[in-house]
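This report concerns only the one structure given below.
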Amino acid sequence: PGWLLSPAGRPYLDCILHKNQRRVFGLLERPALPPALAVPTVTYKLFLAGKSGVGKTALVAWLGGTPVPPAHHETLGIEATTLFWPAQPRGSGRPVLFQLHLWD
């Protein structure tokens, strides 16, 4: 669970942070990893649906490392957020970079 903060995971975390905050990437962007840290990218699209005001947008903001909106406002249409999350799956000696497309 603490792999990202370990000496082995810290270089991957540094590639997705900007001024100690998670960097926001567009749909066609991705983190620039040095050749020594090249890892496979696994892409998932997550669609969040539910009743109004339950916290879907706040969850996406929290996962993305952006400030959570202080007041409730209804999301019009669909907001798409791209999030990169480096991880080392259990039982695997090699890290992967998860590319999560969060649709809210």
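Name the residue that is most open to solvent (accessible area, probe 1.4 Å), counting only residues in segment 56-104 that are polar (S, T, N, Q) and touching a helix residue (DSSP H, G or I) at 6+ places or on another chain (Cβ under 8 Å).
Among those that are polar (S, T, N, Q) and touching a helix residue (DSSP H, G or I) at 6+ places or on another chain (Cβ under 8 Å), it is GLN88.
Cβ-Cβ below 9 Å, separation at least six or inter-chain, first residue in segment 1-15 and surrounded by fewer than 11 Cβ atoms within 10 Å (Cβ to Cβ), second not in a loop (DSSP other than H, G, I, E, B): which pairs?
LEU5/LEU13
Filter segment 32-42 down to residues that are out of contact with any Pro (no Cβ under 7 Å at 6 or more places or on another chain) and farther than 14 Å from TRP85 by Cβ and give me whichever is most open to solvent (accessible area, probe 1.4 Å).
PRO35
If you take the residues in segment 16-31 that are open to solvent by 100 Å² or more (accessible area, probe 1.4 Å) and not in a loop (DSSP other than H, G, I, E, B), which one is farthest from LEU63 (Cα to Cα)?
Out of the qualifying residues, it is HIS18.
The values are calculated or read from the model by the stated rules, or taken from the named source; none is laboratory data. Everything numeric here is computed off the predicted structure, so don't read it as measured data. In this analysis, Cβ positions are derived from the backbone assuming ideal geometry, glycine residues included, and neighbour counts consider all displayed protein chains. Ligands, DNA and RNA are excluded from the accessible area calculation, which covers all protein heavy atoms including side chains. Shrake-Rupley method; radii C 1.70, N 1.55, O 1.52, S 1.80 Å.
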